[in-house]
1. Considering only the stretch 9-173, what is the antiparallel percent among its DSSP beta bridges, to the nearest 5?
2. Let me know the shape class of the stretch 108-155, please: from the alpha-carbon gyration tensor, a ≥ b ≥ c as square roots of the eigenvalues, rounded when a/c is under 1.5, otherwise prolate if a/b is greater than b/c, or oblate.
3. Would you mind checking which residues have amide H under 5 Å from A67's amide H? H placed 1.01 Å from N; only 5 or more apart, or other chain.
4. Just one of (1) 1.01; (2) 1.15; (3) 0.93 is Cα Rg over 2.2 N^0.38 Å calculated from these coordinates, so which is it?
5. What is the distance in Å between the Cα centroid of the stretch 1-72 and that of the stretch 100-115?
6. Set the Förster distance to 45 Å, then compute FRET efficiency between T176 and R18 from the Cβ-Cβ distance, nearest 0.05.
7. Once you have a ≥ b ≥ c as the square roots of the Cα gyration tensor eigenvalues for the stretch 1-81, tell me rounded if a/c is under 1.5, and otherwise prolate or oblate according to whether a/b is larger than b/c.
8. So which of K10/K142; K10/K109; K109/K190 end up more than 22 Å apart by C-alpha?
Amino acid sequence: MKSEEQGRAKRLDANALRGLAHPLRVRILEILRSDGPSTATRLAKLLGEDSGNVSWHLRQLGEHGFAAEDVDRGTRRERWWVALHDYTAVDTDAFLDDTDLQGLLAILKNEVLQQQFRRAAGFLAQDWPSEWNEAAGMGYWKLRLNPTELTALRDELLGLLDRYDALCQDTARQDTSSEVVFQFQAFPRKNER
């Protein structure tokens, strides 16, 4: 159920931030984006939540343009929901002048970081063939960069990811590939000395 207003990214403005900055909504949206359409009942079971509460949060995601009811899939009793975008684009500078929005942005970023941890921990807890275990990687690098260099590094990585994302469109690769999650964080670190 994709429409013209749906694109790859949902650009976060103040209203959208207010609608998304709740840990459960971030988790619901992640599941819809990763696993596809679902119902409030299915999401509630997966998240260990009450289905009425999940249904309310789904409606909030809908009101703020993150999700929509999949009318082609549901019935009057069973409402299916679908994510409208693949990811959320955030321009943090747009929220610097409003302390309330900064607090909401902190909630959102914290939950996204928690999701990234849960995904990595989930991978470690699963049994994968050795070729996938060897292909996967985790680690960190300590670099000495200025803000301009860090921006350039981030942009180069995003360009590289865009090229690999284009491979996903090749349906001939479906039998030999698996969905892969690429996560990264890049931020300055204060010296503890």
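Every number here is computed from the coordinates shown, using simple stated rules; none is lab data. The structure displayed is predicted, hence computed values, not measured ones. In this analysis, Cβ positions are derived from the backbone assuming ideal geometry, glycine residues included, and neighbour counts consider all displayed protein chains.
1. 60
2. Oblate.
3. G62, L84
4. Matching entry in (1) 1.01; (2) 1.15; (3) 0.93: (2).
5. That distance is 16 Å.
6. So the FRET efficiency works out to roughly 0.55.
7. oblate
8. K10/K142, as the Cα separations exceed 22 Å there.
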